[in-house]
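Student: Starting off with a structure, shown below.
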Amino acid sequence: MRMLIWTPLNAAELQKAMHSGNVGPAALVPVQTGTVLLPPPATKLNEAAYMTNRVRKLGDGAALAVWNDDAALLYLFTTSLGRASMWGSREAVLRLSKQAKQSGPVGRLFDRATAGLLNLREKEKWQADAIDKLTALHPAASRKAPLERIRDFHNAGGAIPDFFRAAGLPEVAQVAELTEQGRADFVLDALEPPHTQKWPLALIFPLIVVTALVTVLLGVGMVVYYVVAGLLLVLTAGLMVSLRRRLVRAKPINTVLPVIPVTQGAVPTD
């Protein structure tokens, strides 16, 4: 499975903005029409969507592509909400979605319950909306060729490169093809996935329970309990923010957001 994010913002500005905004980690590939971001291999779909939405705010729009040999998903973000255009058979799209989401037991149960709602044949209104978002992101894009590729939803082979090439973004299409060949793997494998550290949440509930028991045993007023519980919540939130910042902002910019000219097959920047 592969992922990429494209935004019209140039790589130099995007790299600085992402580092100061604690967005990433990801590899940045400069192209004439902006920047292609390549998230680390273990990135979940919701993490990639969050990254795309943050990048959208920085670059006035972004597109997220997720694909494998049998299916493809494309989200065009001009607002905080993005609807996927899909290619492949229904079963292949569901497999890709499962692979990308990396859901836990509850998430998998929800996905199975809602699988029957999947409809590959998008309404014309949704297809037109996707093209409207594309032209908002890239005003030079034609409407006819990308729309035809969206409508050819049964043909998943090369769907992502084909779409970007039809949209007048040949360098983005080339990066997608080179990514499939593993050209950037030597850089991506060294990046830490943008997983949020959740272990503080596992501690907070037992601590609050222990605090309640101590309050009862010592006969301390409930006001003290509420104050202590509130402080525990604040400390937990602060700890999670601190752990999140270690992912990007606290590390060297070219370590967590390396710029790699993949189209030239060169090494990353120092």
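Student: List the aspartates and glutamates whose Cα lies under 18 Å from the Cα of residue 101, skipping any in the same chain that are fewer than 8 positions away.
Tutor: Straight-distance partners of residue 101: 47, 69, 70, 91, 111, 192.
Student: Could I ask something else about it? Find the Cα radius of gyration of segment 19-107, compare it with 2.2 N^0.38 Å by division, and give the number to two decimals.
Tutor: Here the answer is 1.12, to two decimals.
Student: Let me ask something additional. From the C-alpha gyration tensor of segment 2-54, pull out the three semi-axes of the equivalent ellipsoid (sqrt of 5λ each), sorted largest to smallest, in whole Å.
Tutor: With the √(5λ) rule applied to segment 2-54, the semi-axes are 17, 13, 9 Å.
Student: Shifting gears a bit: For residue 79 and residue 142, calculate 0.36 nm times their separation in residues minus their Cα-Cα distance, and state this gained length in nm to one decimal.
Tutor: Here the answer is 20.6 nm.
Student: So, counting K/R as plus one and D/E as minus one, what does the shell of residues with Cβ under 13 Å around residue 65 add up to?
Tutor: So the environment of residue 65 carries a net charge of 0.
Student: Calculate, for residue 231 and residue 180, the FRET efficiency according to 1/(1 + (r/R0)^6) with r their C-beta to C-beta distance and R0 51 Å; round to the nearest 0.05.
Tutor: 0.50
Student: For the pair residue 128 and residue 251, what calculated FRET efficiency results from E = 1/(1 + (r/R0)^6), where r is the Cβ-Cβ distance and R0 = 30 Å, to the nearest 0.05?
Tutor: Efficiency, rounded to the nearest 0.05: 0.10.
Student: Right, next: Take each of the peptides 128-139, 54-65, 211-222, average the number of other beta-carbon atoms within 10 Å over its residues, and list them starting from the highest.
Tutor: Ranking the peptides 128-139, 54-65, 211-222 by packing returns 54-65, 128-139, 211-222.
Student: Right, another one. Computed FRET efficiency, Cβ-Cβ of residue 42 and residue 209, R0 35 Å: what is it to the nearest 0.05?
Tutor: 0.60
Student: I'd like the Karplus ³J(HN,Hα) series for segment 224-236: coefficients 6.51, -1.76, 1.60, θ = phi - 60°, whole numbers in Hz, and an x wherever there's a Gly or Pro.
Tutor: 4, 4, 5, 5, 5, 4, x, 5, 4, 5, 5, 5, 5
Student: Please go through the residue pairs 44/133; 16/57; 44/98 and name each one whose alpha carbons sit more than 19 Å apart in this structure.
Tutor: Among 44/133; 16/57; 44/98, the Cα-Cα distance tops 19 Å for 44/133.
Every number in this text was worked out from the coordinates using simple rules, so none of it is lab data. Treat the numbers as computed from the prediction; the structure is a model and nothing was measured. Counting neighbours? That spans all protein chains shown, and the Cβs are built from the backbone with ideal geometry, glycine included.
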